[in-house]
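Q: Take a look at the following structure, please.
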Amino acid sequence: MSSSKRKNRPAPVTVAAAPALAESKVARASVPSFGIALGGGGARGFAHVLILEALDELGIRPRLIAGTSIGALIGAAYASGMSGADIRVFCHELFQKRTQIVKRLFRRWNAALVDRLGSSGISILPGERVLEAILPETLPATFGELKIPFLAVTTDFYTQEPCILTHGPLMPAIVASSALPGILRPVELDGKVLIDGGFVNPVPFDLLKGHVQIVAAIDVSAGPQQSRGQVPSLIDAIIGSNQITMRSVMREKLKSAAPDILIRPDIDQFRVLDFYKIDEIFSASEAAKDEFKRACEMAIAAREAG
């Protein structure tokens, strides 16, 4: 194994004992430990919120969370102590009206910067400033302040290897995990240039193995869905190419190993940038939420029987 590969392996993660479960239909005297991997997929990642709601409703608190891109943003919010319901309310209020994001940008920046953003595109500004304006203000500053251990998946642009961030400043890590070239600028961190983690590990369930007893993975990637048969716009080509990469990587990963639970919400009809279709995505994800609950119950029963 090359030294660069050894260097980019995730740092050892210390997993604290899981707190007692709330009363629920899966509660047992001793419940297997859970880890959850939330994949990348842009606006389709709103489906993750319903999965997190399902965990809360079942009384299951994961011991470890790994996230890529939108999965890193939502995973970090959950790891900070927000419930699935909290995250749903926050996202709904942010995206139900386009004016909400503009207002938040104005509160953080002056009018000239917001004007620049609207006229030239998001890539002219550092992703950290964009996400700082729209993420919950209660998000901790560092990994160490999170209530659940969390891993953010990024890609080292120059070594072309995964870079798994587990400590230090939180915001640069989740921005790097989401930094799709052409949309958000790459992030310079600890001497590395980092971009979207979806290029190397779109649904990072493999990072959870060995740390927890039950590994769940939520895959919200999909191929290009709009304008079939037509030449895509530049932005659709950039995003669609990323989705093609993600699906190819995921197929190869599943050939060698699979998570205990794999959920793929039926949301392929939505585009990566369909953030203002949040209510429709939530609605379309309800079936996946029910499927996830059943899968959790089955996985727990199988672990107890085995």
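Q: If packing is taken as the average count of other Cβ atoms within 10 Å, what order do 292-305, 275-288 fall into, highest mean first?
A: Values: 292-305: 15.8, 275-288: 17.7.
Highest to lowest by the protection proxy: 275-288, 292-305.
Q: Can you run phi through the Karplus equation (6.51, -1.76, 1.60; θ = phi - 60°) for the range 186-202 and list ³J(HN,Hα) in whole Hz, with x for Gly and Pro?
A: x, 10, 8, 8, 6, x, 10, 9, 10, 10, 3, x, x, 5, 10, 7, x
Q: If amide hydrogens are placed 1.01 Å from N in the peptide plane, which non-local residues have theirs closer than 5 Å to the one on Leu262?
A: Long-range HN contacts for Leu262: Ala217.
Q: Still on this structure: So, in the range 193-306, how many Lys pairs have Cα atoms under 22 Å apart, if the pair is 8 or more places apart or on different chains?
A: Numbers: Lys209/Lys253; Lys209/Lys255; Lys209/Lys293; Lys277/Lys289.
For the range 193-306, qualifying lysine pairs total 4.
Q: With both partners inside the range 156-306, how many of the DSSP beta bridges are antiparallel, as a percent to the nearest 5? List each step's numbers first, then the result.
A: Numbers: 5 of 9 bridges.
DSSP beta bridges in the range 156-306 are roughly 55 percent antiparallel.
Q: Return the carbon/sulfur percentage of the accessible area of the range 177-269, one whole number, probe 1.4 Å, all protein chains in place.
A: Working: 2240 of 4390 Å².
Carbon-and-sulfur percentage of accessible area, whole number: 51.
Q: Stick to Cα atoms and the Kirkwood definition of Rh, then tell me Rg/Rh for the range 176-265. All intermediate terms of the calculation are to be shown ahead of the outcome.
A: Working: Rg = 15.1 Å, Rh = 14.7 Å.
Here the Rg-to-Rh quotient is 1.03.
Q: Using a 1.4 Å probe on the protein heavy atoms only, what accessible surface does Ser256 show? Give it in Å² to the nearest 10.
A: It works out to around 100 Å².
Q: Could you give the length gained by full extension between Glu304 and Leu254, i.e. 0.36 nm per residue of separation minus their alpha carbon distance, to one decimal place? Don't skip to the end; give the middle numbers.
A: Details: separation 50, 0.36 × 50 = 18.00 nm, distance 2.49 nm.
Going from the current span to full extension adds 15.5 nm.
Q: What whole-number value in Å² describes the accessible area per residue of the range 135-218 for a 1.4 Å probe? Please report the intermediate quantities before stating the final value.
A: Working: 3220 Å² over 84 residues.
That works out to 38 Å² for each residue.
Q: Using a 1.4 Å probe on the protein heavy atoms only, what accessible surface does Ile235 show? Give it in Å² to the nearest 10.
A: 60
Q: Say R0 is 25 Å: what FRET efficiency, to the nearest 0.05, do Gln96 and Glu57 get from their beta-carbon distance? Display every interim value, and only then the final one.
A: Values: r = 23 Å, r/R0 = 0.94.
FRET efficiency, Gln96 to Glu57: 0.60.
Q: Sequence-distant or interchain residues sharing an amide H contact under 5 Å with Val193, placed H: which?
A: Amide H neighbours of Val193, under 5 Å, 5+ apart: Phe157, Tyr158.
The values are calculated or read from the model by the stated rules, or taken from the named source; none is laboratory data. All values reported here derive from a predicted model rather than from experimental measurement. Glycine gets a Cβ as well: all are built from the backbone with ideal geometry, and neighbour counts include every protein chain shown. The protein model used for the area step is the full one, side chains on, heavy atoms only, and it has no ligands, DNA or RNA in it. Shrake-Rupley method; radii C 1.70, N 1.55, O 1.52, S 1.80 Å.
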